[in-house]
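Data first, discussion second: the structure below is written as structure tokens.
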Amino acid sequence: MTDHAPAATGTSPSGLRALLPDLAPWRHSRDFRRLWVAGLISNFGSFLTLVALPVQMKELTGSAAAVGAIGAVELVPLVVFGLYGGALADALDKRLLILWTEVGQGVLSAALLADALLPRPAVWPLYAVAALSSALTAVQRPALDSLWPRIVAHEHLTAATSLNSLRWTLGGVAGPAVAGVVVAFAGLPTAYAADLATFAVSVLLVVRIAAQPASREAARPSLASIAEGARYAWSRKELLGTYAVDLAAMFLAMPLAVLPFLADELHARWSLGLMYATLPLGSLLVSLAGGWTSRVHRHGRAVVLAALSWGVAVAAAGVVGNVWLVLLCLTVAGGCDMVSGIFRGAMWNQTIPDELRGRLAGIELLSYSVGPQLGQVRSGGVAAWAGVRASVWSGGLLCAGAVGLLALCLPRLMTYDARTDEHAVRLRETRAAAMRAGV
């Protein structure tokens, strides 16, 4: 059961209040608060490992291609388990899926800790843990993404997306910044141990969330049910547009794999933790001033403009030679990525029926996760062939060009309006009827 309160009615906020995050989901849903805090804690630990793992791979191999290959080993589990995880999310209790995958991630953090404590750490466990962690993430994220619309009132979904982005970015800023210091001064084992501790706390919070069983209309997990979700996605060209734009942006312009080498090339190894923190810092700044997002209705246009700006900012980071300008460009890129993410999430949450939400969340997972994994492989390979900075600026320019082309080819994405879209109107009416009936 959720504890929704009736939506507030009145005048729109003005001045500074109009920019501050809309806290309605936090006030009206106890389960949203618990899940939000659990995610904040586990995300902080995950970002510790996000920095520690490529640093350890770099120390053990000295190869940009080897670091980029982390994305390659994560790709297959992400694709396979993302699609099947979406079917599981529709057919099973979402809370239990989130709980047990969180436990599994904690076990993997313990494995990284054990390997790092060996006198001569091995390389293969890093790849194995990366692959298994990718599989668990692929199972968890559809359940998590399809759970928010159940525990948050329909009119608060854009605000909830913004608050979830804020949760992610708080961990994303603090995690990498702290990880850079922890790895440099306390060592890799300490970073992995801290990650393990955060998963333990998160599990204790998720246990207290109300059960979230499958809807009565949900299909059993099968290839046929996965195909049904794919057919629905294909019929919704505006949703396909969000997937395609994000996939292009992340595949062509995600620079994470080469950041350790970029810091070396700029003679600023001290800046590595800051480089990892800049993307989530930009996202955090947007989230903190995210009250305006609830008043934007043409979400497709916002997604396209933000993705274009992301590509331009990444390209600039590869061109400038001053480390502080690089950090500034990456921060701007992170803010643009967050704007895109907020409006993608709003389109998905406000238009997809509950009985299909898990399977569509699995497809969404591929759009925003496969891209970064392939992007690591692309950026690492191009860096080994043409140089680190060429890898960064060329990816940004290709991203801007690809997004512009997609915008021309997908008119329904550019004309989407949440106030008039037939799918958004239908789901809004369904949710209102369910709340009147006390469901």
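The values are calculated or read from the model by the stated rules, or taken from the named source; none is laboratory data. Keep in mind that what you see is a predicted model, and the values were worked out from it rather than measured. Here Cβ is always computed from backbone atoms with ideal geometry, including for glycine, and neighbour counts include all displayed protein chains. The protein model used for the area step is the full one, side chains on, heavy atoms only, and it has no ligands, DNA or RNA in it. Shrake-Rupley method; radii C 1.70, N 1.55, O 1.52, S 1.80 Å.
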Check whether at least one residue in region 243-259 is open to solvent by less than 10 Å² (accessible area, probe 1.4 Å), touching a residue at least 60 places away in the same chain (Cβ under 8 Å) and of a type in the set (S, T, Y), and report yes or no. no
Within region 122-134, does at least one residue satisfy the condition of being more than 23 Å from the chain's Cα centre (by Cα), hydrophobic (A, V, I, L, M, F, W, C) and part of a helix (DSSP H, G or I)? yes
Of the residues in region 204-242 that are closer than 21 Å to V152 by Cα and at pLDDT 85 or above, the one that is surrounded by the most Cβ atoms within 10 Å (Cβ to Cβ) is V206
Tell me which of these V152 doesn't satisfy, since it passes every other one: (1) more than 17 Å from the chain's Cα centre (by Cα); (2) under 18 Å from S109 (Cβ atoms); (3) open to solvent by less than 20 Å² (accessible area, probe 1.4 Å). (2)
For L305, indicate whether it is aliphatic (A, V, I, L, M), surrounded by fewer than 24 Cβ atoms within 10 Å (Cβ to Cβ), modelled with pLDDT of 90 or more and under 22 Å from T415 (Cβ atoms). yes
Quickly run through region 352-390 and pick out the residues that are acidic (D, E) and either open to solvent by less than 30 Å² (accessible area, probe 1.4 Å) or within 16 Å of Q140 (Cα to Cα) (or both). E364
Region 24-44 - residue that is more than 20 Å from G171 (Cβ to Cβ) and open to solvent by less than 60 Å² (accessible area, probe 1.4 Å) and, of those, modelled with the highest pLDDT: S29
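Considering only region 408-426, state which residues are out of contact with any helix residue (DSSP H, G or I) (no Cβ under 6 Å at 6 or more places or on another chain) and open to solvent by less than 20 Å² (accessible area, probe 1.4 Å). Even if it seems obvious, please write down each step before you answer.
So the first thing to find is which residues in region 408-426 are out of contact with any helix residue (DSSP H, G or I) (no Cβ under 6 Å at 6 or more places or on another chain), and the list is 408-409, 411, 415, 417, 419-422, 425-426.
Listed by number, the list holds a single entry, D417.
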If the requirement is being modelled with pLDDT of 90 or more, over 19 Å from the mean Cα position of the chain (by Cα) and closer than 23 Å to G86 by Cβ, which of these qualifies: L398, L405, L413, L427? L413
For region 395-405 the number of residues that are in contact with a helix residue (DSSP H, G or I) (Cβ under 7 Å, 6 or more places away or on another chain) and surrounded by fewer than 20 Cβ atoms within 10 Å (Cβ to Cβ) is 3
For region 10-23, how many residues are crowded, with 17+ Cβ neighbours inside 10 Å and either of a type in the set (D, E, K, R) or at pLDDT 80 or above (or both)? 1
Given the options V107, V139, V67, V76, name the one that is out of contact with any helix residue (DSSP H, G or I) (no Cβ under 8 Å at 6 or more places or on another chain) and either open to solvent by less than 20 Å² (accessible area, probe 1.4 Å) or assigned to a helix (DSSP H, G or I) (or both). V107
Just to be sure, is L272 closer than 20 Å to S379 by Cβ, over 15 Å from the mean Cα position of the chain (by Cα) and open to solvent by 20 Å² or more (accessible area, probe 1.4 Å)? yes
